[in-house]
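**Student:** The structure's right below; bear with me while I get my questions together.
What follows is calculated from the coordinates using simple rules that are stated; it is not laboratory data. Small disclaimer: the values here were computed from a predicted structure and weren't measured. Cβ placement follows ideal geometry from the backbone for every residue including glycine, while neighbour counts extend to all protein chains displayed.
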Amino acid sequence: GAVLMQPVGEHLHPGAYYSRQLTAPERNYTIWEKELLIRQGLRFPFSLKNDLLCYRNHVYIPPGAGREKALCLCHDTGHFGFVKTLHLVRRKYWWPLMRKDVKAYVHQCPVCATVKGGGGKPSGLLRPLENPAAPWEHISMDFIVDLPPSNGKTVIWVVVDLFSKQAHFIPCRSMPNAEQLAQLFIEHCYKHHGAPSKVISDRGSVFVSRFWKAFLRQLGAKQALSTAYHPQTDGQTERVNQVLEQYLRCYTNYQQDNWSKFLAYAQVAYNNSVHSSTGHSPFEIVYGRNLRTLPTPEVIQSDPVPFAEWMARIKDAWPVITQALDEAKAAYKHQADKHRRPDWDLKPGQQVYLSTKYLKGRQPTKKLAAKYIGPFAVKRLVNEVTAELELPQFYRMIHPVFHFSLLKPAPESSHWHPVQQLHLYSGNQVLLNDRSS
């Protein structure tokens, strides 16, 4: 090694340092020849070692397949991210713009795209449903299933009015078919509230059946189904389900076989409690007064309200309720969007990966299964946050419309990696190609 010193005042300070092992002929150089060798080494960092062109002890890789081979050796052995892969490449190799090539290779790796999670916030800003103008115009429904038998019942059908938040909890012996569901709706909802104009539900088999769709057409109701594997569309009913389950949890016995006898009390308690979105109880919004439970002196001594005044009170309250719902949804959207990313600018024909979060597979455990499958082409954009994909025949049992939160844009193909589909489905079962074959 050698140090070049320069005088600064009365002392010498190092100006440059260079060190490498001298070859056998170089060891015989004179002092001035070694100084010249240092200057030459600083200006020309390339050297030949074992017939390999090296740049400061790193093998130089010329343009071509050699660079892809080097990237493959450093990245595909563990499929690490950009930083770790770059450090591995820099240990032995060098070429111009190496950092850019490493970043492109890692970003476009099809294996990383399928086995690694998206990371960060989910995409798709919240799009609240429109508010109805009156009670029981827009309703949502869902089931609570797999309950212990109680008086011959194992299922609860939950129907919620999106305006007043009033709910009906309907016990069923088992999961009803479409014809049985229509009869239950007439007996428990239609006879009390009439026909709705919009019905929101998930894509359960009973809700997508021809009979149920024909029944809603006869009622003059528009059906709104959630996208595949996106229960947030019917979030109102999902939340009521949680409240109902919490109520029953408080009163059921150890065997949990007496929940059915508390179901009517749960419905009364829920409909008589103030809802945070409206500031009123569902019963008060629908009927203009609070539900009378137990007699009190105040109730017994109260004067009757004239019918005209009572009707005016109900109608005057509806615009106030609508405004309260708008404010509640705006506040909820503001908080929800803090944990979401803005919508992607997807276009028809663009390639995307589909999350396997809600897909069932044939592999022994989901812990070691791929997190994404694809890529698939976007067929069309349904709205600002959902897209329809061009799925192969293997996916005929899956509805092809998905929320942006379940999608991940695929990188454009390059000379590093061809875009290839690594995973296939058969019906709604996952068939993962064997990577060792």
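**Student:** Near G194, within a Cβ-to-Cβ distance under 12 Å, what is the net charge of the other residues, with Lys and Arg +1 and Asp and Glu -1?
**Tutor:** Counting the neighbours of G194, the net charge comes to -1.
**Student:** Assuming 0.36 nm per residue, please report the length gained on full extension of the stretch L368 to R289 beyond their Cα-Cα distance.
**Tutor:** 22.8 nm is the gain from fully extending L368 to R289.
**Student:** Next question, about the same structure. Could you list, in their original order, any pairs among K116/K165; K84/K408; K49/K84; K261/K366; K84/K371 whose Cα atoms are separated by more than 32 Å?
**Tutor:** Over 32 Å Cα-Cα: K116/K165; K261/K366.
**Student:** Turning to a different aspect of this structure: Return T278, T154, T30, T23 ranked ascending by Cβ neighbour count within 10 Å, so the fewest neighbours appear first.
**Tutor:** Ranked by crowding around the Cβ, least crowded first: T30, T23, T154, T278.
**Student:** Would you mind getting me the FRET efficiency between T30 and K92? Use the beta-carbon distance for r and R0 = 45 Å, nearest 0.05.
**Tutor:** Details: r = 34 Å, r/R0 = 0.76.
So, using R0 = 45 Å, E works out to roughly 0.85.
**Student:** Rounded to the nearest 0.05, what FRET efficiency is calculated for A224 and H79 with R0 set to 41 Å and r the Cβ-Cβ distance?
**Tutor:** About 0.50, to the nearest 0.05.
**Student:** How would you rank D101, D146, going from fewest to most other Cβ atoms within 10 Å of each one's own Cβ?
**Tutor:** Values: D101 19, D146 8.
Fewest to most other Cβ atoms nearby, the residues stand as D146, D101.
**Student:** Sticking with this structure for a sec: Using the 10 angstrom Cβ neighbour count as an exposure proxy, how do S277, S226 rank, fewest first? Kindly include the intermediate steps, with their values, before the conclusion.
**Tutor:** Numbers: S277 18, S226 23.
Going from sparsest to densest Cβ surroundings: S277, S226.
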